[in-house]
Amino acid sequence: MKKFEGLLVCTDLDGTLLRSDKSISKENLEAIEHFKAEGGLFTFITGRMPCTSGDIYNVVHPNAPFGCINGGGIYDHRTSSYIWTLPISNEAIELAEYAAEMIPEIGYQANTFDRIYFCRENSAMEHFRKVTNTPNVFCRGEDIKEPIAKIVFGDADTENINRLAKVLASHPLAQKFDFIRSEHHLYEILPKGSNKGTLLPRLAAHLGISMEKTVAIGDYNNDINMLKTAKIGVAVANAHPDIKEIADYITVSNEEHAIAHVISDIENGILEI
């Protein structure tokens, strides 16, 4: 039996596997290959869409399907298809338009399962396109006919994000959705009950892996449920304080080959699983 057989390691991408320049260190890549060669299953669970994760997938080559959309989908890149999805009600567009009217500076995008539509423009949406290499496809929210996966708001002014959270929570439709701050300048509307923590057991069951053999690594608020659900939840050193508070273990930062450190700690028995 290989030393990592039966183990599933899931990592967040931005701020965890990826360095600040969005690159992946040689040390991380070599450790991932070693983990897979010794029987482990390695993948990521991200807030990103498959259409903004392809370049990363082609560098990392996970040997399992990956979780995406902050809990709204499981995607098999080998077949370019979803294994499972959780669409959001179209009432999310009504809620998004209300918020954009209340805070005109806010930008937002509507993510379907195959593409991203930019419905309200601002500098945060422009920055998002640059970082993720996403084409600028404009569409009014009410004109989108495909099933919607989630709504993403953005603003460089974090005070506007704070205002947004209160505006959304005060609307009568709020009870039909969940909300998450996925980065300091991004805020999302998700289907009720959708998060990385509810997705992890679904992914593990699909792979035939016991939850007692799962490790999750993350850095931000949208990773909290994933770290709580995994047998071992690991926060990187650069993680938000809320993540560090609930983590079972804190490793080095995303700039210091965090994934390689976690795999080494599993191999050396520092992390017992």
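The values are calculated or read from the model by the stated rules, or taken from the named source; none is laboratory data. These figures come from a predicted structure and were not determined experimentally. All Cβ positions, even for glycine, are placed from backbone atoms using ideal geometry, and neighbour counts span all protein chains on display. Accessible surface is based on the protein model in full, side chains and every heavy atom, while ligands, DNA and RNA are left aside. Shrake-Rupley method; radii C 1.70, N 1.55, O 1.52, S 1.80 Å.
A few points about this structure:
- Taking the criterion of being under 21 Å from Phe128 (Cβ atoms) and open to solvent by 70 Å² or more (accessible area, probe 1.4 Å), the residues of region 158-173 that qualify are Glu159, Arg163.
- Flag if Arg78 is of a type in the set (D, E, K, R), touching a helix residue (DSSP H, G or I) at 6+ places or on another chain (Cβ under 8 Å) and open to solvent by 10 Å² or more (accessible area, probe 1.4 Å): no
- All told, Gly218 meets the bar of being open to solvent by less than 30 Å² (accessible area, probe 1.4 Å) and either within 21 Å of Ser253 (Cα to Cα) or over 19 Å from the mean Cα position of the chain (by Cα) (or both).
- Number of the condition not met by Met1 [criteria: (1) touching a Leu at 6+ places or on another chain (Cβ under 6 Å); (2) exposed (fewer than 15 other Cβ atoms within 10 Å of the Cβ); (3) within 21 Å of Ser264 (Cα to Cα)]: (1)
- Among the residues making up region 174-212, those that are open to solvent by 20 Å² or more (accessible area, probe 1.4 Å) and assigned to a loop (DSSP other than H, G, I, E, B) are His184, His185, Lys192, Gly193, Asn195, Gly208, Ile209, Ser210.
- Boolean, Gly154 is within 26 Å of Glu121 (Cα to Cα), open to solvent by less than 10 Å² (accessible area, probe 1.4 Å) and among the small types (Gly, Ala, Ser): yes
- Tallying residues that are surrounded by fewer than 22 Cβ atoms within 10 Å (Cβ to Cβ) and either on the phi > 0 side of the Ramachandran plot or assigned to a helix (DSSP H, G or I) (or both) within region 225-248 yields 7.
- Residue count for region 119-149, restricted to those that are open to solvent by 70 Å² or more (accessible area, probe 1.4 Å) and part of a helix (DSSP H, G or I): 5
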